[in-house]
Amino acid sequence: MKRKNIFIAILFVMVMTIVSTKTIQVAAQEIEQQPTVAIPTVTGTPEGVTITVPLDQEYVNVRNGPGTLYDLVGRLVAGQKAAVLGRSEGGDWLFIQYFGGPDNQGWVYAAPVSLSAGEVPIVEPPPTLTPAMSPTINSTLAAQFITTPIPTRLATFTPAESLVIPTYEDVSQTSLLGSIPMGLIILILGIIGGILAVISVIRGH
């Protein structure tokens, strides 16, 4: 019986020793994690005005100036954001922060992107680049495209025939004979012939 009590006492002491050791280690770890200096309070800074490329837009071009005449410096893909630094005079182009462009900046067309709320200042655009090629055209090359028109003969003009105006005689100025009908003349001649025939018959008797 005494041995049993001694064993229980030894077991109790061992358990208490292990528990106290763990407690001391945890307390030590808590003491080690305590900061020795004052931790500054972290406050968020405003993100500012940004643009976002819509998911239905595959990409937008980034140029070194507000216009298609400026060089292409990169692209923003769908879902990508960028901080807005300014805008053009009419607001059609936005001046953004673009890592990889000149001075890590660039210009994008405002229509296909989404612009967050906020004031955006007007930025003076860079000057347009002078074209490398001369605007004059080589005279020898231009001569190859000059065609001489071949003259075509115009149709000959045939004048119309002169108009013939018919003339009519004045019946009132004709002779008396011409005014007597032909049938009446024949009748008179027939009567005269009949009379002459009767006279010749009488003389024959």
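The values are calculated or read from the model by the stated rules, or taken from the named source; none is laboratory data. What you are looking at is a predicted structure, and each value in this text was computed from that prediction instead of being measured. In this analysis, Cβ positions are derived from the backbone assuming ideal geometry, glycine residues included, and neighbour counts consider all displayed protein chains.
Things worth noting here:
- Selection of region 78-101 for residues being among the hydrophobic types (A, V, I, L, M, F, W, C) and under 21 Å from Ala117 (Cα atoms) yields Ala78, Ala82, Ala83, Val84, Leu85, Trp93, Leu94, Phe95, Ile96.
- Residues located in region 73-104, provided they are basic (Lys, Arg) and either in a loop (DSSP other than H, G, I, E, B) or under 12 Å from Arg63 (Cα atoms) (or both): Arg75
- Residues of region 49-72 satisfying the condition of being free of Cβ contacts under 8 Å to residues at least 40 places away in the same chain and not in a strand (DSSP E or B): Leu55, Asp56, Glu58, Thr68
- Any hit, region 103-125, residues being of a type in the set (A, V, I, L, M), at pLDDT below 70, on the phi < 0 side of the Ramachandran plot and loosely packed, with under 10 Cβ neighbours inside 10 Å: no
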